[in-house]
Amino acid sequence: MLAKVYVTPKQAILDPQGKAIVHSLHALDYTEVSDVRMGKYLEVRLHGLSRAQAEQRVEEMCRRLLANLVIEDFRCEIVED
């Protein structure tokens with residue numbers, strides 16, 4: 001099983017990397033871009049678990065290590081492979 005994990009800054013948190021990307025895109029004449037949020041994408045392979053167990057374990061991983069819950073949100077997608 002494959003877990004796709006998306007970690008992004010919370011909306012209330014300033015994202016300096018995202019702002020820098022917006023400025024660069026504007027300089028390249030992509031002026032229609034109004035906002036960019038820079039985050040992380042992780043792929044976690046799991047074995048020997050049911051889908052429900054995999055979802056629970058990945059959520060635990062995110063809460064304990066993969067995301068900083070003070071400033072980041074996360075979402076997970078479990079894919080059978």
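The values are calculated or read from the model by the stated rules, or taken from the named source; none is laboratory data. Keep in mind that what you see is a predicted model, and the values were worked out from it rather than measured. Glycine gets a Cβ as well: all are built from the backbone with ideal geometry, and neighbour counts include every protein chain shown.
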- request: Starting from segment 1-12, keep only residues that are within 11 Å of residue 59 (Cα to Cα), then list their pairs with residues that are surrounded by 13 or more Cβ atoms within 10 Å (Cβ to Cβ) and not hydrophobic (A, V, I, L, M, F, W, C) whose Cβ atoms are within a distance under 6 Å, requiring at least 6 positions of separation or different chains.
  value: none
- request: Would you be able to say whether some residue in segment 24-34 is surrounded by fewer than 10 Cβ atoms within 10 Å (Cβ to Cβ), of a type in the set (D, E, K, R) and free of Cβ contacts under 8 Å to residues at least 40 places away in the same chain?
  value: yes
query: Name the residues in segment 23-81 that are out of contact with any Leu (no Cβ under 9 Å at 6 or more places or on another chain) and among the β-branched types (Val, Ile, Thr), would you?
result: 70, 71
task: Look through segment 6-16, keep the residues that are surrounded by 13 or more Cβ atoms within 10 Å (Cβ to Cβ) and not aliphatic (A, V, I, L, M), and return whichever of them is nearest to residue 78 (Cα to Cα).
output: 6
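Table: residues versus (1) of a type in the set (A, V, I, L, M); (2) modelled with pLDDT under 95; (3) outside any loop (DSSP other than H, G, I, E, B).
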position	(1), (2), (3)
20	yes, no, yes
26	no, no, yes
29	no, no, no
41	no, no, yes
54	yes, no, yes
58	yes, no, yes
64	no, no, yes
70	yes, no, no
